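Below you'll find the structure, written out as structure tokens, and then a few comments.
What follows is calculated from the coordinates using simple rules that are stated; it is not laboratory data. From a predicted model like this one, the values you see are computed outputs, not experimental measurements. Glycine also receives a Cβ, built like all others from the backbone with ideal geometry; neighbour counts cover every protein chain displayed.
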Amino acid sequence: MTTPSESRIPNPESRLAERIRQRGPLTVAAFMELALYDPELGYYARAAQRSGRAGDFFTSVDIGPLFGELLEVQIEEMFRLLAAESGLGAELARPFDLVEAGAGNARLSTDILRAATREHPDFYARIRLHLVEASAAARGAQRAMLAEVADRLISSESWLPASFEGMLVANELLDALPVHQVVMRTDGLREIYVSHQSSVIEPQSPVISPQSAVGDQQSSRPTTDDARPTTDDWRLTTVEGPPSTPALAEYLDRIAARLEPGWRVEVNLRAVEWIRDAARRLRRGFIIVIDYGHEARVLYSASHSAGTLTTFYGHHSAGSELRPDAPAWMQSAGGQDITAHVDFTSVRRAAEAEGLTTLGFLDQTYFLLGLLQSDDRLRRTFLHARETSARGSSERDGTSEASGGGTPRALKNAGSSASGSLEPLRGANAPSSSVGDGIPAAMEKSTARADLKRNAALRTLLMPGGLGSSHKVLILGKNVGTPSLMGCSYRMRVT
């Protein structure tokens, strides 16, 4: 078994260093592009799936089909809203484009479609599925994952459809887009670059100092043209230089970020470009972005002054960066996930500038609770599971199994229970403790085990301090007015 310090591919650092020698130091964004998405080197490019028990981290999709089932409730409501505005019933409604960006091997879309076949067959019949995924390996696995619901698949590409009407969902996509990293110094904003430093340098060749600003001040980036390694023992390091583009300072100015000297932060220009592009392609409908992150006033504050760029490998995240010139995210290039928290303020403003309307921005906890309380079937199912759990079943509660036994990205030391989360859902239709009466013992035991597992999955999705509060849900609409959505019906709150 490899460790984070070992490479999963031959000499990735030497290959990156050779590119740096040929082209000059890389911005962190360019480094991430290579380390994550390069066809030969990239972490995501070389595998169909990176999350789950056998992967390096967990997402809401890895908890089980529950997350997709809950999302289907919201998406189906959006379908009916569009059909109603068109003056058509669900049976006569126009086709509904369901676009998943960052679809991986299509597990989330599969869960959504399977729920639609069971609960809303008229909706299922109108779906046209478009999967957007950069990894060719993941795209190649999508049809097999979809299996019996693959008849809804219209396209599987690395880019968004040219034009679509319906809804787009992006679950934990923006956090994996390449980011620039900058640091404020007393003389102004500097950008972090990835360079190389050989263990042997020819005499009289200048050595790049990670502590100093390097390169010609008239240039947009530092240079290593004069450094000539004489061995293949390459080592990557970080250096500071002038910002590679004025867009970085402009970005920070737009959100009124005031960085103190020494603060190190990330700027995700790609996330802004992505939402602008998506908004232009959407003719009419909705966009749901789910990710971990913050409003700009929180993300660019003292509480995050060391930045949020980190890695995940074997269900462990990197610790504090003890050496700024050799951060954890730069090690084992291509062999680990690299991620940064999302600036939802900039994403939302960019979307609104393209004509979208913000319909909701809230914690995942409150979004899912809104769906639970609005759907009688789901409410009954999970109140049943809660009653079963309260009766003290001798079965394990399944928390570790439901959550995969690991730690989701952005989730550390989360509590093991959120038993009070469903209390507001209790009502006249809540099942009593005798809900299992009359069911054969073997069937009741099997049902109880399944209910307990689903209840554990629900707790994982909702738990305070975990996925429920670390993950935010941004809901946008275009040419749909300002409808009241089920996902926003419980409480519009961001923690």
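Which value in nm describes the separation of the simple spin-label points at GLU148 and ALA125, placed 7 Å from the Cα toward the beta carbon?
If labels sit at GLU148 and ALA125, their model points lie 1.8 nm apart.
Over all directions, average the projected area of the Cα convex hull of the stretch 262-318 and note it in nm².
On the way: hull surface 23.0 nm².
For the stretch 262-318, averaging the hull's shadow over all directions gives 5.7 nm².
Could you run the Karplus curve 6.51 cos²θ - 1.76 cosθ + 1.60 with θ = phi - 60° over the stretch 122-138 and give me ³J(HN,Hα) per residue in whole Hz, x for Gly and Pro?
Karplus values, whole Hz, x for Gly and Pro: 5, 5, 3, 5, 9, 6, 10, 8, 10, 9, 10, 8, 6, 7, 5, 5, 5.
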